[in-house]
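Notes follow the structure.
Rule-based calculations on the coordinates, nothing more; no lab input. On a predicted model such as this, the values are computed, not experimentally measured, just so you know. Cβ placement follows ideal geometry from the backbone for every residue including glycine, while neighbour counts extend to all protein chains displayed.
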Amino acid sequence: MEDCRRVGVAIDFSPCSRKALEWTVNNIVRKGDHLILVTVLREGHYEEGEAQLWQATGSPLIPLIEFTEPHTMKKYGVNPDPETLDIVATASRQKEITVLLKIFWGDAREKICESVEGIPLECLVIGNRGLGKIKRAIMGSVSNYVVNNATCPVTVVKIHD
């Protein structure tokens, strides 16, 4: 277990986050690692009895076998795309890694930073949507916030057209 690293990837199932996931699989993870996909939803779509616990701590760590099942993901309000599922399933087999999903509800910037300590993660990879200067000034950049506030090394993977 000492050699097991917890490598996080912030993922929203967009092309940008898939690029970050692919980069992580190709450049960071190695045999025995735990690859933890961190996703943040704006609103909670979860069972009422678990609502308060999950609001504060996020979902339990969900193993790959479970988050590939549509019924399980419907419970959490997450709809992973087939391409992302293929990337993680292939990485799990070929690199002999454990793939887990952690879901948070709330502000993506804050929850991603909280996940670093809460899981805990040794490093985090996040995609960059490439917002223009005006949009970035109005909306704020999730990746910029995470780089400046996370307590672990953060790698930003940019999408190039």
Exercise for the section: Compute the length gained on full extension between Asp86 and Glu110: take 0.36 nm times their separation in residues and subtract their Cα-Cα distance, giving the result in nm to one decimal. Expected result: 5.8 nm
Completion exercise
Here, Asn148 and Glu117, labelled 7 Å along Cα→Cβ, have an inter-label distance in nm of 1.9
Exercise for the section: Step through the table entries Lys19/Lys111; Lys75/Lys102; Lys31/Lys111, compare each Cα-Cα distance with 25 Å, and write down the pairs that go over it. Expected result: Lys31/Lys111
Completion exercise
With Pro80 itself left out, Lys, Arg at +1 and Asp, Glu at -1 over residues whose Cβ is under 12 Å from its Cβ give -4
Problem - Estimated distance in nm for a label pair at Lys158 and Trp23, the labels positioned 7 Å out from Cα along Cα-to-Cβ - result: 0.9
